[in-house]
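The values are calculated or read from the model by the stated rules, or taken from the named source; none is laboratory data. Everything numeric in this text was worked out from a predicted model, so none of it was measured. Here the Cβ positions follow ideal geometry from the backbone for every residue, glycine too, while neighbour counts run over all protein chains shown. For accessibility, only protein heavy atoms count, side chains too; no ligands or nucleic acids. Shrake-Rupley method; radii C 1.70, N 1.55, O 1.52, S 1.80 Å.
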Amino acid sequence: MKNKALLFTLAFTLFISIAFAQAKLNAGIWRGVITNQTGNQIPFNFEVTTASGKQHIAIINGAERFKVDNLSSKGDSVFIKMPLFDSEFRLKQQGSELSGRWIRHLGDHNDEMAFTATSNTPWRFFKSPAKPTVNITGRWSAAFGDDPKKDMTVGEFKQTGDKLTGTFLSTTGDYRYLEGIVSGNQLYLSCFDGGHAFTFTGKVVGQKITDGKFYAGLKSITNWKATKNPNAKLPDAYSLTSLKPGYKKLAFTFKDTKGNKVSLTDSRFKNKVVILQIMGSWCPNCMDETNYFVNDYYKKYHKKGVEIVGLAYERTTDFAKSQKTLAQLKARFNVPYPLLITGYTNAPGEQLKSLPMLADFKGFPTTIIINKKGDVAKIHTGFSGPGTGNYYAEFTKEFEGLTDNLLEEK
């Protein structure tokens, strides 16, 4: 009986060990595909590596490698928690394949989309694309949607062989790092950053791109077209947002992530150049701006008399939930300046309600520059991140030049 009991115990232990063995992803490049409710696919690549005995993922979009290290597993289940944007993957592993759902938590509901991935698959759209018959390298004037009055967008592309990278710039920011191919006279671009999932397709005919489709998120499909134009440019980003007539200053009191009240009248801001970053943890362009502020701008200018305050508009009215998402952001970028829980982004007009001195508000991010007297010197709408190349370099040079001038003022 003792031997039988021992054998039963060993067998049960082996069963439990097998059932709850930790899944391990194959090292190397994978191809992931998100399929939204319209049946359209948004492909991207990611690389699996191991460091210090723990697996990590790097999501690949052009020159960007977006690192993800919150991976866990139980049996054949794999869970990937994105470090930003409050989204996650819940998957099942079968050998070299994964399948399951990508879930975006949006405050009052979740968006869920089907997801599959295959290891040892470095191609993004087609394994064997047709030889390109066009080269779209250069700048393009693009229009999204069928409204002729809709804001123009600038496309910046670089094609090497059939490989295509680039982005679109709009008045409120850019579409970040896009990557894809040109097959024949068809272009394909996509991007996944944990918060947004995009695919762009179009047909190149001479100096025009026609029949463009932009697939985004759960079910959005937008028509787009473009014309090659080396002189294409956006409106001056400092001209789009303003104060109401008669106002020179802003005033507010909001709570930071620890519940402490912060006001512009606090002593820490007296006689300082103050940068107000109107942002949200759900906003990819805001993340690019935060990365610039933390790793370049703040290190250079804080000691010279510059303060930064983030005014966060989150997707929930629940203070504790906003604290959680902003805590992830602070940890990801090691943000040294205060982030204030300011408002609820899904409520129409919330920005103007919480900051009633503003005459208008175009979008996230918006950056308000305040001089040492406490007056608003400039308001910059949008942010062109590092995926925009020269646009990013030009912006940072101009922004830091403006800061130097304000610091010199008496």
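Look at the Cα gyration tensor of segment 22-131: its axes a ≥ b ≥ c give a/c under 1.5, and that counts as rounded. Extents of the chain, taken as max minus min of Cα coordinates on every principal axis and listed largest first, are 90, 62, 36 Å. Whole-percent P(r), segment 291-349, all Cα pairs, 5 Å bins from 0: 4, 18, 24, 20, 15, 11, 6, 1. The label-point distance for Phe333 and Gln207, in a model that sets each label 7 Å from Cα toward Cβ, rounds to 4.0 nm.
All Cα-Cα separations within segment 98-201 were binned at 5 Å from zero, giving a P(r) of 2, 10, 17, 19, 18, 15, 12, 5, 1, 0, each value a whole percent of the pairs. Of the accessible area of segment 334-375, computed with a 1.4 Å probe over protein heavy atoms only, carbon and sulfur atoms account for 48 percent. If you take the square roots of the eigenvalues of the alpha-carbon gyration tensor of segment 78-150 and sort them as a ≥ b ≥ c, do you get rounded (a/c under 1.5), prolate (a/b over b/c) or oblate? Oblate shape, in that a/c is at least 1.5 and b/c is the bigger or equal ratio. Set the Förster distance to 25 Å, then compute FRET efficiency between Lys353 and Asn291 from the Cβ-Cβ distance, nearest 0.05. That pair, Lys353 with Asn291, gives E of 0.30.
Which of the residue pairs Lys248/Lys270; Lys324/Lys397; Lys255/Lys378; Lys244/Lys270 have a Cα-Cα distance greater than 27 Å in the structure shown?
Lys324/Lys397
Model label sites at Asn346 and Thr118, defined 7 Å from Cα along the beta-carbon direction, differ in position by 3.7 nm.
Seen against the Cα atoms of the chain and their longest principal axis, helix 319-333 is set at about 90 degrees. Working from label points 7 Å from Cα in the Cα-to-Cβ sense, the His56 to Ala130 distance is 4.1 nm. Straightening the chain between Glu47 and Ser96 buys 16.3 nm, computed as 0.36 nm per residue apart minus the Cα-Cα spacing.
Dividing the convex hull volume of the alpha-carbon atoms in segment 189-279 by its residue count gives 214 Å³ per residue. At a Cβ-Cβ separation cutoff of 4.7 angstrom, cysteine residues of the chain with no neighbouring cysteine are Cys191.
Across all directions, the shadow cast by the convex hull of segment 265-410 built on its C-alpha atoms averages 8.6 square nanometres.
Average accessible surface for the chain: 49 Å² per residue, computed with a 1.4 Å probe over protein heavy atoms with every protein chain in place.
Suppose only helical runs count, i.e. DSSP H with n ≥ 4. What mean residue ellipticity at 222 nm does that imply for the chain under -39500 (n - 2.57) per run, divided by all residues and rounded to the nearest 500 deg cm²/dmol? For the chain, the value works out to -5500 deg cm²/dmol.
Residues of segment 346-384 falling in the label zone of Thr253, defined by backbone nitrogen less than 18 Å from a point 7 Å along Cα to beta-carbon, are 354-357. In this structure, Gln37 and Asn390 have a Cβ-Cβ separation that, at R0 = 60 Å, corresponds to a calculated FRET efficiency of about 0.95.
Average projection, convex hull of the Cα set of segment 217-327: 11.6 square nanometres. Among the listed pairs Lys304/Lys373; Lys24/Lys92; Lys24/Lys54; Lys54/Lys330; Lys131/Lys213, a Cα-Cα separation exceeding 20 Å is found for Lys54/Lys330; Lys131/Lys213. Indicate the gyration tensor shape class of segment 141-232 (rounded, prolate or oblate), computed on the Cα atoms with a ≥ b ≥ c the square roots of the eigenvalues: a/c under 1.5 is rounded; otherwise a/b larger than b/c is prolate and the rest oblate. Rounded. Counted by Cβ distance under 10 Å from Glu179, the other residues give a net charge of +1, where Lys and Arg count +1 and Asp and Glu count -1.
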